[in-house]
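Presented below is the structure to which this report refers.
The values are calculated or read from the model by the stated rules, or taken from the named source; none is laboratory data. Keep in mind the model is a prediction, meaning the values are calculated, not measured. Every residue, glycine among them, receives a Cβ derived from its backbone with ideal geometry; neighbour counts consider all protein chains shown.
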There are 2 protein chains.
Amino acid sequence: MNIRYANRTSNLKASEIRELLKLTEKPEIISFAGGLPAPELFPLDKLNEVASKVIKEKGQIALQYASTDGYMPLREIIVKERIAPTGVKCDTSNVMLTNGSQQGLEFSAKLFINEGDTIACESPSYLGALNAFMAYGPKFLEIPMDENGMIVEELEKALENENHNIKMIYTIPDFQNPSGITMNIERRKRLSELAAKYEIPLIEDSPYGELRFEGESLPSIKSFDKAGYVINLGTFSKTFCPGLRLGWILAEEEIIKKYILIKQGADLQCNTFAQVIAGEYMKIYNLDDHIKNIIEVYRVRRDLMIDSMKKYFPEDVKYTYPSGGLFTWVELRKDLDSASIMEDALKENVAYVPGASFFPNGGKKNFFRLNYSNMPEDKIVEGIKRLGKVLHKYYTK
Amino acid sequence: MNIRYANRTSNLKASEIRELLKLTEKPEIISFAGGLPAPELFPLDKLNEVASKVIKEKGQIALQYASTDGYMPLREIIVKERIAPTGVKCDTSNVMLTNGSQQGLEFSAKLFINEGDTIACESPSYLGALNAFMAYGPKFLEIPMDENGMIVEELEKALENENHNIKMIYTIPDFQNPSGITMNIERRKRLSELAAKYEIPLIEDSPYGELRFEGESLPSIKSFDKAGYVINLGTFSKTFCPGLRLGWILAEEEIIKKYILIKQGADLQCNTFAQVIAGEYMKIYNLDDHIKNIIEVYRVRRDLMIDSMKKYFPEDVKYTYPSGGLFTWVELRKDLDSASIMEDALKENVAYVPGASFFPNGGKKNFFRLNYSNMPEDKIVEGIKRLGKVLHKYYTK
């Protein structure tokens, strides 16, 4: 066969995480690789009750085609219960449902990026977003981070330099993937101002913001946005159930209308059944109560992972201390390569995601990402112990 | 706001059908516009039983993230029960799940089309496909049809002419949308040979093939494909429930691997819950029995619509007689414009889809599409009667 693919396919590569997930499916492996929520927390009994109610009372609507922008009662709940508390005033015309926020990421590149345009993002950044963007042939400008998130002054310098041709800014302000770092309030405000000043869309990816273990919630970048250039991506994947594939885009109505056109062509609409179930669930039950349960469990797991790293990792290994979300980010000695160490780790039946693919322009190999949400407590301790054993070999050499 | 969109967005336009569906949501309107299945046939009691079983027995899997290619037990059922009967031998490595076949269409353009490449398609063709393709900036070459489908000799001439730069062929061989026409077996065979000879991917879109009211089922184009250039798109939207958004791509493994990369970036995976429900349903119940019910109802509706058109339409109005599927295609006198007549029709509370947007290069205005699957029998008669009244005004002028 000699079939010709479009040029853009040369940019496509398999997500390292998704490939790893296949390797780590063996039951003997303790995997800190995926970004999976804890499935034992899914509210199955309530979902069973709600699914049955939906089929009986609204089955002909819930299994039929529906509108591209999404099921109105669910959009109303999103506006009132998920968006309003972040300090953003909007209505349902500002919200379109997506198949998880991953679809919002892909649509954003499709909507804003011509081949060769530059996307500015944190260094490191979420590799699933980088992969989604890559199909549209962008360049990436990596903006360094410190303990308060993206160093916005560096972004500003880059925006002043027209040679960079920045056409989109991408950021994950809360408990960033992969670093676990949260952006401070001053930088959020400044980012919204820069987007307005340079008339550049800013994609604020917020999958983890509601999973805060301690301290005060920070207002979203969108909450400072007066000019309309900030586009916020939300999702129920981490706060409810990822298998339902329900996320949303929050943006000015003019921009939402463009996203709707893209979604029409892409897949017509989200799963109606999932939308009606989610809407009905959130009418009957308070999702915030469920989120509180998740937070309590994840906080314990975060603490356990950090404590275990203190105990079992070589002293020189650094890691972030996230105040929420799913991940901590580990920094090894500069000469070490986390991808080759991963082979040793797999022999000890423990897995993580090597850090290199979170840097779109390549380079840094001495990092890896650990997830603490998906493994039960005993496996967190045991897994970190195994990983410590592997790392000690490299640190005593 | 002065936000800059990517160049490709200038090609995006709202689906005329989706916009019309909004207009036609008023209960007093008898709408033949959408392509909706009959919701009263959805197997709600069985779905309720299966959904409950899935949540109880497999809830933690069914609500969690899952693999991009799709839920293995469902792919096994698709291979065995939906694909094998069409004469194609394959295994699960040849199948990837999609959010309805609409997503398979969009992915196909993303995978094969560079800006300026030509897509050859039937004239007229499914406007949802044209919209999905349009985002990638193709040219369209419309191949005329007769009562046996696309006139393949015309396509062959175009393929011989290198100026056309044809990079993809798109066809709906069974009960085509919008024409209702079915391609004969010789042309199917010839199309598969042409795809191989010219090494061009051929997208065979098969949403309606299983809804045959009379006569023998014809083998798919894919069943003649020895060289691997034919890509077949299937869906449960017309044979089960469209709200679940479950379709699939059938192709050579090498090609499926590329589609998987595209889907990873686009939305990670289909709704897990819907996939597990569909898989479990089809283990317990025979989908063919359900399809038989659908066929019986739609056959009656097709007959009723055709008989009513005979009775109420002006004698000179032509229409196709589909042996299956959801649509008939009406041809008016050459000087008439179905879009402007639509305004009169809406005043009489009856709706159809004007034909112009099914011709990607524009032009023909004297056609419209009628759907007979979604309206109950009494409304079909009453709606066609109203439409006949409107048309008579134009034919007696």
Note to self: For region B:38-50, check the following and say yes or no: at least one residue is at the interface with chain A (Cβ under 9 Å from one of its Cβ atoms), out of contact with any Ser or Thr (no Cβ under 8 Å at 6 or more places or on another chain), part of a loop (DSSP other than H, G, I, E, B) and modelled with pLDDT under 95.
What the structure shows: no
Margin query: Restricting to region B:364-383, name every residue that is assigned to a loop (DSSP other than H, G, I, E, B), of a type outside the set (Lys, Arg) and either over 13 Å from B:Ser338 (Cβ atoms) or in contact (Cβ under 8 Å) with a residue 40 or more places away in the chain (or both).
Written below: B:Tyr372, B:Ser373, B:Asn374, B:Met375, B:Pro376
Notebook entry, point to check: In region B:116-127, which residues are in a strand (DSSP E or B) and in contact with a helix residue (DSSP H, G or I) (Cβ under 8 Å, 6 or more places away or on another chain)?
Noted result: B:Thr118, B:Ile119, B:Ala120, B:Cys121
Check: Is it true that A:Lys56 is at the interface with chain B (Cβ under 8 Å from one of its Cβ atoms), of a type in the set (Lys, Arg) and either surrounded by 18 or more Cβ atoms within 10 Å (Cβ to Cβ) or more than 22 Å from the chain's Cα centre (by Cα) (or both)?
Finding: yes
Next item on the list: Considering each residue of region A:69-115, count those that are in a loop (DSSP other than H, G, I, E, B) and within 11 Å of chain B (Cβ to nearest Cβ), and give that number.
Entry: 6
Check: touching a helix residue (DSSP H, G or I) at 6+ places or on another chain (Cβ under 6 Å) and of a type outside the set (Lys, Arg) - does that describe any residue in region B:15-23?
Finding: yes
Notebook entry, point to check: Of the residues A:Ser357, A:Ser323, A:Ser308, A:Ser340, which is free of Cβ contacts under 8 Å to residues at least 40 places away in the same chain and of a type in the set (Ser, Thr, Tyr)?
Noted result: A:Ser340
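Yes or no: A:Ile61 more than 7 Å from chain B (Cβ to nearest Cβ), surrounded by 15 or more Cβ atoms within 10 Å (Cβ to Cβ) and not in a strand (DSSP E or B)?
yes
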Next item on the list: For region A:198-234, enumerate the residues that are more than 11 Å from chain B (Cβ to nearest Cβ) and among the hydroxyl-bearing types (Ser, Thr, Tyr).
Entry: A:Ser206, A:Tyr208, A:Ser217, A:Ser220, A:Ser223
Check: Just wondering, is there one or more residues in region B:284-296 that are more than 30 Å from B:Arg369 (Cα to Cα), assigned to a helix (DSSP H, G or I) and out of contact with any Lys or Arg (no Cβ under 7 Å at 6 or more places or on another chain)?
Finding: yes
Checklist line | Residues satisfying the stated conditions in region A:356-397, i.e. of a type in the set (Phe, Trp, Tyr) and under 22 Å from A:Ala129 (Cβ atoms) | finding: A:Phe358, A:Phe359, A:Phe367, A:Phe368, A:Tyr372
Check: Of the numbered conditions (1) away from every other protein chain (no Cβ under 14 Å); (2) in contact with a Cys (Cβ under 8 Å, 6 or more places away or on another chain), A:Phe273 satisfies every one except a single condition; which is it?
Finding: (1)
Note to self: If B:Asn131 satisfies all but one of (1) among the polar types (S, T, N, Q); (2) closer than 29 Å to B:Leu244 by Cα; (3) modelled with pLDDT of 95 or more, what's the number of the condition it fails?
What the structure shows: (3)
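Within region B:172-191, identify whether any single residue is more than 23 Å from B:Tyr65 (Cα to Cα), within 11 Å of chain A (Cβ to nearest Cβ) and in contact with a Ser or Thr (Cβ under 9 Å, 6 or more places away or on another chain), and answer yes or no.
At the first step, the residues of region B:172-191 found to be more than 23 Å from B:Tyr65 (Cα to Cα) are B:172-191.
Adding the requirement that they be within 11 Å of chain A (Cβ to nearest Cβ) leaves none.
So far as region B:172-191 goes, no, none of its residues is more than 23 Å from B:Tyr65 (Cα to Cα), within 11 Å of chain A (Cβ to nearest Cβ) and in contact with a Ser or Thr (Cβ under 9 Å, 6 or more places away or on another chain).
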Check: When region A:237-256 is examined, which residues are found to be of a type outside the set (A, V, I, L, M), within 11 Å of another protein chain (Cβ to nearest Cβ) and more than 16 Å from A:Asn94 (Cβ to Cβ)?
Finding: A:Ser237, A:Lys238, A:Phe240, A:Cys241, A:Pro242, A:Gly243, A:Arg245
Margin query: For region B:313-355: of the residues being assigned to a strand (DSSP E or B) and in contact with a helix residue (DSSP H, G or I) (Cβ under 7 Å, 6 or more places away or on another chain), which is surrounded by the most Cβ atoms within 10 Å (Cβ to Cβ)?
Written below: B:Val353
Next item on the list: Any residue in region A:266-277 that's in the same structural domain as A:Glu76 (by TED's automatic domain parsing) and more than 11 Å from A:Ile55 (Cα to Cα): show its pairings with residues that are surrounded by fewer than 24 Cβ atoms within 10 Å (Cβ to Cβ) and among the β-branched types (Val, Ile, Thr) at Cβ separation under 8 Å, as long as the two are six or more apart or on different chains.
Entry: A:Leu268/A:Thr68; A:Gln269/A:Thr68; A:Thr272/A:Ile61
Check: Out of all the residues in region B:151-162, is one or more within 18 Å of B:Phe358 (Cα to Cα) and touching a Pro at 6+ places or on another chain (Cβ under 6 Å)?
Finding: yes
Margin query: So B:Tyr259 ticks every box in (1) in contact (Cβ under 8 Å) with a residue 40 or more places away in the chain; (2) on the phi > 0 side of the Ramachandran plot but one. Which box is left unticked?
Written below: (2)
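Does region A:162-174 include one or more residues that are over 13 Å from the mean Cα position of the chain (by Cα), acidic (Asp, Glu), assigned by TED's automatic domain parsing to the domain that holds A:Tyr229 and modelled with pLDDT of 95 or more?
No.
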Next item on the list: For region A:128-210, please list each of the strands (runs of 3 or more DSSP E) lying entirely inside it that holds at least 1 residues being surrounded by fewer than 18 Cβ atoms within 10 Å (Cβ to Cβ) and without any contact (Cβ under 8 Å) to a residue 24 or more places away in the chain.
Entry: A:139-146
Checklist line | Residues satisfying the stated conditions in region A:333-357, i.e. within 24 Å of A:Phe140 (Cβ to Cβ) and in contact with a Ser or Thr (Cβ under 6 Å, 6 or more places away or on another chain) | finding: A:Pro354, A:Gly355
Check: Just for region B:261-270: of the residues that are facing chain A (nearest Cβ under 8 Å) and not in a loop (DSSP other than H, G, I, E, B), which one is nearest to B:Ile203 (Cα to Cα)?
Finding: B:Ile262
Next item on the list: Looking at (1) out of contact with any Pro (no Cβ under 8 Å at 6 or more places or on another chain); (2) more than 30 Å from B:Gly70 (Cβ to Cβ), find the lone condition where B:Ile277 falls short.
Entry: (2)
